[in-house]
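Computed from the coordinates by the stated procedures, all read-outs in this text should not be read as laboratory data. Keep in mind it's a predicted model, so treat the numbers as computed, not measured. Note that we place each Cβ from the backbone using ideal geometry, even for glycine, and neighbour counts take in every protein chain shown.
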Ligand SMILES: N[C@@H](CCC(=O)N[C@@H](CS)C(=O)NCC(=O)O)C(=O)O
């Protein structure tokens, strides 16, 4: 029988479940829910169904396998893993598996908190921008500064207050160094 995995249309807490379903060749289909557009991010695609699925503790992800309906991502993983003898064999293995399950969840949760923190930009980004911008001025075609790092520089320059400063008369692009230096020692 085909099981149904319900989750948002992102990796989130469902991705490990998707990987395990694929690895164990479990036939499954997905019900992917979408958030509405900004600024409201309307969740009604999910909330309209949330209480109608017969889940004891309605949440995402959920897994429906015939009359078995479950939520809680780790419970879902464990349900699939038990069927395939993937929970450890000995008591020692099982307790290490349980410990790691929760340790990895702690790591996941702290990463989620980090990525959702509105103060994601730390002072290190300012230092990194300054140093990388100097490298870019020194070697404008530097391939390492075209990919991720190039995008970082663009995002930083697009910050409202930084952009305004860069367009203002207060902005100092050069000189970077004293007159004693061999490069970029004058105002251009
Ligand atoms: N402890 C739960 C957390 C579930 C959870 O927070 N789900 C979020 C997405 S990551 C959600 O949008 N739930 C829908 C809801 O609360 O109605 C698990 O591991 O499955």
Task: Within the chain, helix-based [θ] at 222 nm, where runs of 4 or more DSSP H residues each add -39,500 (n - 2.57), nearest 500 - done: -14500 deg cm²/dmol
- [ ] Could you tell me the largest-minus-smallest coordinate of the C-alpha atoms of the chain on each of the three principal axes, in descending order and whole angstroms?
- [x] 76, 44, 26
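Compute the length gained on full extension between residue 42 and residue 11: take 0.36 nm times their separation in residues and subtract their Cα-Cα distance, giving the result in nm to one decimal.
The residue 42-residue 11 span can extend by a further 9.3 nm.
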TODO: Percent of Cα-Cα pairs per 5 Å bin, from 0 to the last occupied bin, for the range 65-124, please list those.
DONE: 4, 14, 17, 19, 14, 11, 9, 6, 5, 2, 0
TODO: Quick one: among 54, 12, 169, which has the greatest mean-square fluctuation in a GNM of the chain with alpha-carbon springs under 10 angstrom?
DONE: 169
TODO: Taking every Cα atom in the range 14-115, find the radius of gyration and the maximum pairwise distance Dmax, and write them in Å.
DONE: 15.8, 51
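Roughly what % of Cα-Cα distances in the range 116-188 sit above 17 Å, to the whole percent?
Percentage above 17 Å: 53.
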Open item on the list: Sort 4-11, 96-103 by the packing proxy (mean of other Cβ within 10 Å over each peptide's residues), most packed first.
Closed with: 4-11, 96-103
Open item on the list: Using only the alpha-carbon atoms, how far is helix 123-138 inclined from the longest principal axis of the chain? Give it as 0 to 90 degrees, nearest 10.
Closed with: 50 degrees
